[in-house]
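Novice: For reference, the structure I am asking about is given below.
Coordinate-derived values only; no laboratory data. None of these values were measured; they are calculated from a predicted model. All Cβ positions, glycine included, derive from the backbone under ideal geometry; neighbour counts span all protein chains shown.
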Amino acid sequence: MSSSSDKGDLPLPLIKPRIGGRGGEVRGDRAPTFRQSVLQKLQRLTGGGGIKGGLKGRRGRLIAPHVRSPSALSRRCLVKGRYIRMDARGCKAARRHLAYIERDGVERDGSKGRLFDAGGDLDREAFGMEIEGEARQFRFIVSPEDGDEIDLREFTRNLMQQMEKDLGHKFIWAAVAHYNTDNPHAHLVVRGVDREGRSVYIPEQYMAHGMRNRAMELATRDLGPRTEIDMRRQLTREVSQERPTAIDRRLGELLTPDRTLDMAAVASSSQISRPHALARLQKLEELAVVERTSPATWRFVDAWQDRLRGMGERGDIIKRIHQAMKGVAPATSRSFDPATAEKAVEGVLRRKGLHDELAGDFYGIVETGRGEAYHVRLDDASADELAEGELVRVEAGVDRWVKETDRVIERVAALTGGVYDPVSHERQLARAPVRIGGREIPAPEVVQVNLRRLQRLEKYKLVTRLADGRWRIPGDLVKQLEARERQFSAPRAQVRRIAAGLDDQVGYRGRTWLDDVSGHPAAHAPHGFGAEVRRALDRRAGALKALGIDASSPARFKLLDELERCEVGERVAAERGLTFVPHARRLRGQVRNLPVSSSGVAYVAVLDEAGHRVAVIQAPSNAGSLEGRQVEITSERDGRFALRQIEIDRGI
């Protein structure tokens with residue numbers, strides 16, 4: 001071998017290996033050991049599964065563990081998941097959600113749902129207690145395709161055990177198995193703090209795919225892989241469905257950019273059989289989702305997936321309505337659309353349930369006396385306040401941006417140069433308490449309501465939080481909110497209670513909804529709620545006759561109003577150990593506002609403590625400002641009573 005001198009003094013290139021660090025030096029703290037190399041390899045393969053706390057990414061978040069994709073023979077399982085923030089609204093929604101999934105009639109034997117975890121049944125109140133540091137809470141619906149053949153409790157426990165291995169958490173979780181639908185499923189709640197006090201984070205990829213793949217693994221392990229006959233039966237069932245299906249997803253993958261599908265693409269696909277594809281395309285033609293442009297070519301309409309989803313939702317709504325009507329076919333079944341509704345709807349709230357079981361959005365089924373049935377979306381307040389069997393009124397409205405709290409905040413801030421100071425306001429309220437419906441509201445409670453409202457307004461960039469805990473409030477806050485209401489408010493259904501159930505109205509000593517509709521018997525259908533109203537009207541007429549009132553007399557309303565006023569007065573007198581004075585002209589005493597009666601009438605009591613007497617009259621328009629003040633009852637020319645404030649001489 002010749003040396004470099006044999007080549008004419010040309011220097012050979014000098015190769016300097018750089019094993020570690022800059023400058024060629026080897027640094028022991030950067031060269032991986034054999035053990036570190038093995039661990040890194042395992043972490044890359046498993047995505048951190050089985051390692052306590054999981055594998056962290058650059059920002060400290062868990063990397064989604066790798067979960068092998070299921071095969072074509074795997075048992076199918078639907079998993080839906082989401083998380084909710086545990087702010088004041090989220091905590092209230094979480095408690096409502098737990099109560100709903102434990103409702104009656106959901107277990108296999110038709111009994112009430114029972115919350116369970118790895119150890120057995122759980123107490124809902126204990127599981128739902130607040131956990132310090134919990135920022136979010138996770139909700140899942142796990143629905144194996146063959147749920148009827150699986151023990152859902154054991155299946156859910158095995159799934160959670162596998163998730164703990166994958167994500168390195170000892171979860172605090174609970175679930176309820178539901179067998180009240182044609183697809184048995186489990187509602188699963190995972191708390192945002194684990195048993196070791198660490199915040200729980202579930203990677204998006206794991207929520208979207210990994211959890212479903214694990215569930216499919218477990219279902220396949222329990223029941224064995226699907227056979228070709230199983231798969232063909234499933235596809236045959238999907239052909240006629242009026243909602244998105246697995247066949248549609250496969251057809252969608254074969255579409256050209258202009259949404260065209262030809263027979264050649266179907267024939268060359270290994271993901272779908274030609275007979276099932278052709279049968280489904282024929283059904284989609286019937287649904288006006290697909291147009292056949294030639295013997296071997298089809299064109300899908302614009303937004304065809306959305307159309308199919310809408311059909312599926314309408315099918316679910318019709319199913320809910322028929323279940324709520326308990327076998328009585330409604331004259332019409334429809335959704336109440338506030339954007340197109342021309343008139344209000346009155347009827348009985350037949351059923352209340354979750355429209356979206358993950359989000360916690362409620363719906364109601366309202367049946368009218370004419371036999372019509374309406375599916376109505378309920379807001380949080382209506383979902384909390386309304387009960388099945390009550391009479392409600394549904395009408396179109398808009399979201400109100402301006403709250404009474406906004407006016408208070410603007411007014412209080414204007415007194416201190418446009419700054420709202422919660423500490424100062426609480427001291428002010430302690431000297432002049434707020435009263436609502438006759439009840440004194442504690443000052444801290446009022447201020448907390450204001451602070452929650454300010455946090456919401458801060459998101460809209462309408463107010464500014466100062467470093468010392470005070471808030472900068474614009475002088476035109478209400479005007480800005482009114483402008484946003486005009487620009488952004490969308491129509492929505494407003495549902496309010498108008499009367500108690502029919503049975504409660506029959507013997508009530510006061511005006512009722514039945515008395516208002518008694519003159520229109522032909523307006524009520526001979527079946528369903530209409531028939532119930534007819535029977536209740538007959539019973540109401542008998543109850544009024546026993547009170548000496550003719551149910552057809554125009555004077556019945558005045559007599560019923562007087563009966564109710566005296567009934568309220570007797571109750572207040574009994575509670576306070578006083579004597580009720582039915583006709584108390586010139587009576588003097590202190591004003592106390594009373595809760596609104598069942599008929600919707602507001603009353604005030606005038607307490608003459610010295611004379612051990614009390615009078616009750618319908619609340620005048622200025623009743624709120626007279627709360628706690630000394631007044632005298634006077635009578636107007638039309639026979640109604642009024643209140644005159646008395647100035648008290650306190651002496652020198």
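Novice: With charges set only on the Cβ (+1 for Lys and Arg, -1 for Asp and Glu), what does the dipole of segment 421-555 come to about its Cα centre, in debye to the nearest 20?
Specialist: 480 debye
Novice: Just grab the label-to-label distance for ALA88 and HIS527, each label 7 Å out from Cα along the Cβ direction, in nm (one decimal).
Specialist: If labels sit at ALA88 and HIS527, their model points lie 4.9 nm apart.
Novice: I want to check the label-to-label distance for GLU342 and GLN161. Put each point 7 Å from Cα in the C-beta direction and report it in nm to one decimal.
Specialist: Placing both labels 7 Å along Cα→Cβ, they lie 6.3 nm apart.
Novice: Also: Using a 10 Å cut-off on Cβ atoms, rank the peptides 373-382, 69-78 from the highest mean neighbour count down.
Specialist: On the way: 373-382: 19.8, 69-78: 16.2.
For the peptides 373-382, 69-78, the packing ranking is 373-382, 69-78.
Novice: Express the Stokes-Einstein translational diffusion coefficient of segment 486-613 in µm² s⁻¹, to the nearest whole number, given a Kirkwood radius over alpha-carbon pairs, 4 °C and a viscosity of 1.567 mPa s.
Specialist: Stokes-Einstein gives a translational diffusion coefficient of 75 µm²/s.
Novice: Enter the angle in degrees (range 0 to 90, nearest 10) between the Cα long axis of helix 528-546 and the first principal axis of the Cα atoms of the chain, meaning the one along which they spread out most.
Specialist: 20 degrees
Novice: Now for a separate question. With both bridge residues required to lie in the chain, what share of the DSSP beta bridges run antiparallel, to the nearest 5%?
Specialist: Of all bridge pairs located within the chain, approximately 95 percent are antiparallel.
Novice: With charges set only on the Cβ (+1 for Lys and Arg, -1 for Asp and Glu), what does the dipole of the chain come to about its Cα centre, in debye to the nearest 20?
Specialist: With Lys and Arg at +1 and Asp and Glu at -1, about 1720 debye.
Novice: If you don't mind, there's one more thing I want to ask. Based on the mean of other Cβ atoms within 10 Å per residue, sort peptides 283-292, 459-468, 187-196 so the most packed one is first.
Specialist: 187-196, 283-292, 459-468
Novice: What is the extension gain from ARG370 to LEU73, computed as 0.36 nm multiplied by their sequence separation minus the C-alpha to C-alpha distance, in nm to one decimal?
Specialist: Values: separation 297, 0.36 × 297 = 106.92 nm, distance 5.16 nm.
The ARG370-LEU73 span can extend by a further 101.8 nm.
Novice: Expressed in nm to one decimal, what extension gain is obtained for the pair ASP316 and ARG103 from 0.36 nm per residue of sequence separation less their Cα-Cα distance? Numbers along the way, then the final one.
Specialist: Values: separation 213, 0.36 × 213 = 76.68 nm, distance 1.98 nm.
Here the segment from ASP316 to ARG103 would lengthen by 74.7 nm.
Novice: Starting from the Cα of ARG195, step 7 Å toward the Cβ, then list every residue of segment 138-170 with an amide N under 16 Å from that point.
Specialist: Under cut-off, by backbone N: 157-170.
Novice: What's the FRET efficiency of LYS558 with ARG243 using the Cβ-Cβ distance as r and R₀ = 60 Å, to the nearest 0.05?
Specialist: Efficiency computed from Cβ-Cβ geometry: 0.60.
Novice: Counting each DSSP H run of 4 or more residues in the chain as -39500 (n - 2.57), what helix-only mean residue ellipticity at 222 nm follows after dividing by all residues, to the nearest 500 deg cm²/dmol? Numbers along the way, then the final one.
Specialist: Values: 20 runs with 230 residues, N = 652.
My calculation for the chain gives -11000 deg cm²/dmol from helical runs alone.
Novice: Moving on. Considering only ALA490, SER597, MET325, whose Cα is most displaced toward the positive end of the charge dipole of the chain, charges sitting on Cβ of Lys, Arg (+1) and Asp, Glu (-1)?
Specialist: Highest projection toward the positive end goes to ALA490.
Novice: Here are some pairs, LYS165/LYS319; LYS343/LYS403; LYS92/LYS461; LYS80/LYS319; LYS319/LYS343; which of them have Cα atoms lying more than 31 Å apart in this structure?
Specialist: With Cα atoms farther than 31 Å apart: LYS165/LYS319.
Novice: Roughly what angle does helix 443-459 make with the longest principal axis of the chain, taking Cα atoms, 0 to 90 degrees, to the nearest 10?
Specialist: Taking Cα atoms only, the helix is inclined about 40 degrees.
Novice: Compute, for segment 344-447, the length of the dipole vector about the Cα centre, with Cβ point charges of +1 (Lys, Arg) and -1 (Asp, Glu) only. Units Debye, rounded to 20.
Specialist: In total the dipole reaches around 460 debye.
Novice: Shifting gears a bit: Provide the packing ranking of 161-170, 261-270, i.e. peptides ordered by the mean count of other C-beta atoms within 10 Å per residue, highest first.
Specialist: Highest to lowest by the protection proxy: 161-170, 261-270.
Novice: Name the residues of segment 91-122 whose amide N is less than 19 Å from a point 7 angstrom out from the Cα of ASP380 along the C-beta direction?
Specialist: 91-101
Novice: What nm distance separates the two modelled labels at ALA331 and GLN282, each placed 7 Å from Cα along Cα→Cβ?
Specialist: 4.0 nm
Novice: Cα axis of helix 477-488 to longest principal axis of the chain: angle in degrees, 0 to 90, nearest 10?
Specialist: 60 degrees
Novice: Quote to one decimal, in nm, the extra length available between GLU445 and GLU632 on full extension: 0.36 nm per residue of separation minus the C-alpha distance between them.
Specialist: 64.0 nm
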